[in-house]
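Colleague: Can you read through this structure? Questions will come right after.
Each reported figure results from applying straightforward, stated rules to the coordinates on display, with no laboratory input. Quick caveat: nothing in here was measured; it's all calculated off a predicted structure. All Cβ positions, even for glycine, are placed from backbone atoms using ideal geometry, and neighbour counts span all protein chains on display.
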Amino acid sequence: MGDATYRISFLGDLTHRPAEDVTTTVSVGKAPTSIALTAPEEVPIDSGVKIAGTFTAQGKALPERAVLAVERSDRLGTGRLSSVTVAADGTFTINDIPRTRRKVTYTVSWPGDDLHGASTASATVLVTH
């Protein structure tokens with residue numbers, strides 16, 4: 001995130017002489033975030049996929065609820081799905097109707113902001129007939 005510089009001085013008192021200014025610089029990083037996903041291992045294609053998730057951000061609270069990007073990858077290619085908004089308690093749900101059978105991977109990501117780092121998580125579901 002950048003550097004913070006601290007300047008410390010002591011003007012002195014009746015029994016202590018003043019101290020010269022001391023300056024120190026420290027590196028300040030962004031607060032970590034994480035995404036956790038809970039997905040079924042296998043679903044029939046006609047029932048759809050429901051994935052529950054939790055988004056956690058440490059440090060200063062987010063200014064508003066986070067919006068996470070969702071991507072689906074399957075044997076037909078990769079594409080973006082509708083974004084999901086995280087609830088006040090940090091939870092979210094992804095509902096999708098897969099377009100093909102076999103393994104489908106859902107990737108959820110958040111780009112971060114000025115105070116928080118980015119995070120990504122993936123879940124793979126086997127879609128059957």
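Colleague: Near K103, which lysines are there with a Cα under 29 Å away, not counting those fewer than 8 places off in the same chain?
Modeller: K50
Colleague: Then there's this: Quick one: putting +1 on the C-beta of Lys and Arg, -1 on the C-beta of Asp and Glu, what dipole do you get for the stretch 1-76 around its Cα centre, in Debye to the nearest 20?
Modeller: The dipole of the stretch 1-76 has a size of about 120 debye.
Colleague: Which residue, chosen from G59, A69, P44, occupies the Cα position most advanced towards the positive end of the dipole of the stretch 41-93, where the dipole is computed from +1 (Lys, Arg) and -1 (Asp, Glu) charges on Cβ about the Cα centre?
Modeller: With unit charges placed on the Cβ atoms, the residue in question is G59.
Colleague: For K60, give me every one of the lysines with a C-alpha distance below 23 angstrom, ignoring sequence neighbours fewer than eight places off in its own chain.
Modeller: Output for K60: K30.
Colleague: About the Cα centre of the chain, how large is the charge dipole given +1 on each Lys and Arg Cβ and -1 on each Asp and Glu Cβ? Please answer in debye to the nearest 20.
Modeller: Numbers: 13 positive and 14 negative charges, 117 e Å.
That gives a dipole near 560 debye.
Colleague: So what's the convex hull volume per residue for the Cα atoms of the chain, in Å³?
Modeller: Hull volume normalised by residue count: 132 Å³.
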